[in-house]
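Structure first, then comments.
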Amino acid sequence: MDTVRIAAVGAGVVGLSTAACISKLVPRCSVTVISDQFTPETTSDVAAGMLIPPVYADTPIHKQKQWFKETFDHLFAIANSAEAEDAGVLLVSGIPTEEVPFWADVVLGFRKMTEDELKKFPQHVFGQAFTTLKCEGPAYLPWLEKRLKGSGGLILTRRVEDLWELHPSFDIVVNCSGLGSRQLAGDPKIFPVRGQVLKVQAPWVKHFIRDGSGLTYIYPGISNVTLGGTRQKGDWNLSPDAEISKGILSRCCALEPSLHGACDIREKVGLRPTRPGVRLEKELLAQGSRRLPVVHHYGHGSGGIAMHWGTALEAARLVSECAQALRTPAPKSKL
């Protein structure tokens, strides 16, 4: 087999980054991204894009830390390059209030907050401050698409109802369909966690602020400030709720009173594809004599952007193993 034909299903940050890593790491292959939704219509476009990862209950901490560090290093290199603005990647400092997380030595300048900083949070007696990265989906996704096309990758707008539809046109399928995996992979473990945010104009806000649980947050970006948020498990509703928006603004103004002067308030809703741990594994589908190697790569929840490059590198390694197996002739039986 000369060229291995690979399809990546899903065009959010996970699907596009996986396709980019495959085209870079897997020799003699063609990569096609297939989805019925592209930027700006993906969950990744709504995400605040802060590199502050969640904890996955079913994944060893050392593995989560590896994924986060690889993602941080990748985006940090972009932030320090001429591509930073086009890619929507920037450094941002701020003051959350939480205990020391597993990723404290990956971000920059993680330290205890000073007494003056803590005065902003009278309900807390301690807290941490640090500098991390923000990766803005509406800029980063088109940037990834452009790079993918530049390396020979293809983009195909199409709804996939069954992974077998892609056989025999493709030799390997990478399932990055997020919540679509309930149907495409028959995975009952994946469910939506609804997130509603406000995108506002408040250019005087330069530092991020988040409460201890991370439910209320203020994340300044290149063109607007993201105010959040919600975590509504099992809620599939993509329509903004006016009462929730009022509550978000009220909570954020309590953390940063100057936000009373924010203008051009826009409501956004996204459904985080959540499961106990990211699914990152190979599966060989069989239907009679037909075989279809699949690499599953989905279920990042609120950590899609924070973990995407690290998990994409791992997915690309699994794809490489599948490609190698396809190129290795099966041993002939001796009679």
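In whole angstrom, the chain maps to an equivalent ellipsoid with semi-axes of 38, 20, 18, each derived as √(5λ) from the alpha carbon gyration tensor and ordered largest first. Calculate the FRET efficiency for T3 and N237 from the Cβ-Cβ distance with a Förster distance of 35 Å, rounded to the nearest 0.05. Efficiency, from the Cβ-Cβ distance: 0.20.
If the chain linking L91 and A286 were pulled fully straight, counting 0.36 nm for each residue of separation and taking away their Cα-Cα distance, it would gain 65.6 nm.
Label zone of N80 (point 7 Å out along Cα→Cβ, amide N under 17 Å): in segment 116-135 this covers 131-134.
From helices alone, the chain scores -9000 deg cm²/dmol at 222 nm; the rule is -39500 (n - 2.57) for each run of n ≥ 4 DSSP H residues, then divide by the residue total. Among the listed pairs K120/K206; K24/K282; K134/K246; K24/K146; K120/K246; K63/K189, those whose Cα-Cα separation exceeds 18 Å are K24/K282; K134/K246; K120/K246; K63/K189.
Assign one of three labels to segment 13-82, namely rounded, prolate or oblate, based on the Cα gyration tensor with a ≥ b ≥ c the square roots of its eigenvalues; rounded applies when a/c is under 1.5, prolate when it is not and a/b is larger than b/c, and oblate otherwise.
rounded
Assign one of three labels to segment 52-131, namely rounded, prolate or oblate, based on the Cα gyration tensor with a ≥ b ≥ c the square roots of its eigenvalues; rounded applies when a/c is under 1.5, prolate when it is not and a/b is larger than b/c, and oblate otherwise. Taking the square roots of the gyration eigenvalues as a ≥ b ≥ c, segment 52-131 is oblate.
Each label was represented as a point 7 Å from its Cα along the Cα-to-Cβ direction; for D36 and T131 these points are 4.5 nm apart. Ratio of Rg to Rh for segment 186-288: 1.13 [Cα atoms; Kirkwood radius as inverse mean 1/r over pairs].
Throughout, read-outs are computed from the coordinates displayed, never taken from laboratory work. Note that the coordinates shown come from a computational prediction; the quantities given were computed from them, not determined experimentally. With ideal geometry, Cβ positions are generated from the backbone for all residues, glycine too; neighbour counts draw on all protein chains shown.
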